[in-house]
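Visitor: Here's a structure for you.
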Amino acid sequence: MERSQIIDRFVDSLDRLEVAWTRVSENDGAAALEEIVEGPAVGAPLPVLETGALTALGVTVDPTPRQISAARTGVTAARLGIADYGSVVVEGGPDATEAASLFPERHVAVLRTADVVPDMTAALEHLGPLLREEATTAILATGPSATADMGALVKGAHGPKAVHVLLVDPD
């Protein structure tokens, strides 16, 4: 399957999940984030942006638990995107990535288009060595948090009410 077909399938899956998405070049990443992020915001370093670019946008990098609790937006890098499901894989670590993706009302996942894989099999092929050899953790997030435990569907019950994926093409 061609890269463009994988990306098309991924954004179709995001649309089905009612996940907002924006596709930009690497050079336009900071400007796009400025439009997407609502403060107060917390986050972790992003491979496609310098940490200074995040702090210039008012994103607190290396936040305290209190800052995470008060944040409206969490900005994280996504290790992978899974086209079939519209899922993003957020790697855990000491830089508060997991917390920034789970606790604020809005999660902004920054994902390189090169890191979108077609299906779960391909995702597990990528993640298997990482999880075994580096003893890290990963969250597979598919759309906003939702539950129907009490009858009607409720968004944001166990995580963000809204998700926005920033897809970044190399320059």
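Visitor: Could you list, ordered by first residue, the pairs with Cβ atoms under 8 Å in which the first is in the stretch 23-47 and free of Cβ contacts under 8 Å to residues at least 40 places away in the same chain and the second is hydroxyl-bearing (Ser, Thr, Tyr) and open to solvent by less than 30 Å² (accessible area, probe 1.4 Å), at least 6 apart or interchain?
Guide: 39/73; 40/73
Visitor: Looking only at the stretch 103-113, filter to residues that are in contact (Cβ under 8 Å) with a residue 60 or more places away in the chain and open to solvent by 40 Å² or more (accessible area, probe 1.4 Å); which one of those is farthest from residue 40 (Cα to Cα)?
Guide: 112
Visitor: Find the residue count for the stretch 85-102, including only residues that are farther than 16 Å from residue 9 by Cβ and either touching a helix residue (DSSP H, G or I) at 6+ places or on another chain (Cβ under 6 Å) or touching a residue at least 60 places away in the same chain (Cβ under 8 Å) (or both).
Guide: 3
Visitor: State which residue is surrounded by the fewest Cβ atoms within 10 Å (Cβ to Cβ) when the search covers only the stretch 60-84 and only residues that are touching a residue at least 40 places away in the same chain (Cβ under 8 Å) and in contact with a helix residue (DSSP H, G or I) (Cβ under 6 Å, 6 or more places away or on another chain).
Guide: 80
Visitor: Given (1) open to solvent by less than 10 Å² (accessible area, probe 1.4 Å); (2) modelled with pLDDT of 90 or more, where does residue 100 come up short, assuming only one miss?
Guide: (2)
Visitor: Does the stretch 125-147 hold any residues that are among the hydrophobic types (A, V, I, L, M, F, W, C), under 14 Å from residue 81 (Cβ atoms) and over 15 Å from the mean Cα position of the chain (by Cα), and which are they?
Guide: 127
Visitor: Suppose we filter the stretch 37-59 for residues that are within 16 Å of residue 22 (Cβ to Cβ) and open to solvent by 40 Å² or more (accessible area, probe 1.4 Å); how many remain?
Guide: Total satisfying the criteria: 2.
Visitor: Looking only at residues in the stretch 1-35 that are within 15 Å of residue 110 (Cβ to Cβ) and among the acidic types (Asp, Glu), which one is surrounded by the fewest Cβ atoms within 10 Å (Cβ to Cβ)?
Guide: 35
Yes/no per residue for (1) out of contact with any Pro (no Cβ under 9 Å at 6 or more places or on another chain); (2) open to solvent by less than 40 Å² (accessible area, probe 1.4 Å); (3) modelled with pLDDT of 80 or more:
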{"position": "132", "(1), (2), (3)": "yes, no, yes"}
{"position": "137", "(1), (2), (3)": "yes, no, yes"}
{"position": "142", "(1), (2), (3)": "yes, no, yes"}
{"position": "145", "(1), (2), (3)": "no, yes, no"}
{"position": "150", "(1), (2), (3)": "yes, no, no"}
{"position": "154", "(1), (2), (3)": "yes, no, no"}
{"position": "157", "(1), (2), (3)": "yes, no, no"}
{"position": "161", "(1), (2), (3)": "no, no, yes"}
{"position": "167", "(1), (2), (3)": "yes, yes, yes"}
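The values are calculated or read from the model by the stated rules, or taken from the named source; none is laboratory data. Note that this is a predicted model, so its numbers are computed, not measured. Using ideal geometry, Cβ is built from the backbone for each residue, glycine included, and neighbour counts are taken over all protein chains shown. Ligands, DNA and RNA are stripped out before the accessible areas are found, and what is left, the full protein with its side chains, is counted by its heavy atoms. Shrake-Rupley method; radii C 1.70, N 1.55, O 1.52, S 1.80 Å.
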